[in-house]
Amino acid sequence: YDTIYLREPSQQQARRVVGLLRGLVEHYHAHPELLPHGAEENPLASAVDYVAGMTDRFACRAAVELLNWPLDQLPNGIDR
């Protein structure tokens with residue numbers, strides 16, 4: 001476990017993913033009109049649900065398009 005998940009490259013990858021997902025949730029929470037089914041009763045929960053259902057590639061593409069996410073800050077292994 002330590003040699004796989006707790007090594008620095010793995011921790012860096014985790015920080016990149018968490019930052020990207022947080023950024024998307026914050027964006028959709030602030031712009032619920034962009035959600036495919038609106039914000040319904042709880043805008044934050046709707047944003048979290050929507051982002052949680054994204055594939056990795058879709059989330060990365062959305063972060064680049066909506067948030068101007070730097071390509072060098074995308075998680076490793078994502079097509080650029």
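The values are calculated or read from the model by the stated rules, or taken from the named source; none is laboratory data. This one's a predicted model, so the numbers in the text were calculated from it and none came from an experiment. When we count neighbours, we look across all protein chains shown, and the Cβ atoms used for this are built from the backbone with ideal geometry, even at glycine. Keep in mind that these areas ignore ligands, DNA and RNA; they rest on the heavy atoms of the full protein, side chains included. Shrake-Rupley method; radii C 1.70, N 1.55, O 1.52, S 1.80 Å.
Hey, what's the chain come to in accessible area per residue, 1.4 Å probe, Å²?
71
Tell me the GluC sites (Glu not before Pro) within the stretch 35-80 that lie in a loop according to DSSP and have at most 11 other beta-carbon atoms within 10 Å. Write out the running numbers ahead of the final one.
Working: sites: 40, 41, 65; in loops: 40, 41.
Here the GluC sites (Glu not before Pro) that fit, given the DSSP loop and packing criteria, are 40, 41.
Pop out the carbon and sulfur fraction of the accessible area of the chain as a percent, whole number, probe 1.4 Å.
Solvent-exposed carbon and sulfur of the chain make up 53 percent of the total.
Ranked by accessible surface with a 1.4 Å probe, highest first, in what order do 5, 28 come? Numbers along the way, then the final one.
On the way: 5 135, 28 10 Å².
The residues order as 5, 28, largest area first.
Using just the C-alpha positions of the chain as equal point scatterers, what log10 of I(q)/I(0) does the Debye formula give at each q in 0.13, 0.14, 0.16 1/Å?
After summing over all Cα pairs, the log10 values are -0.43, -0.50, -0.62.
Students often get this wrong: which residues of the stretch 44-67 have the backbone nitrogen under 18 Å from the point 7 angstrom along Cα-to-C-beta of residue 33?
44, 47, 66-67
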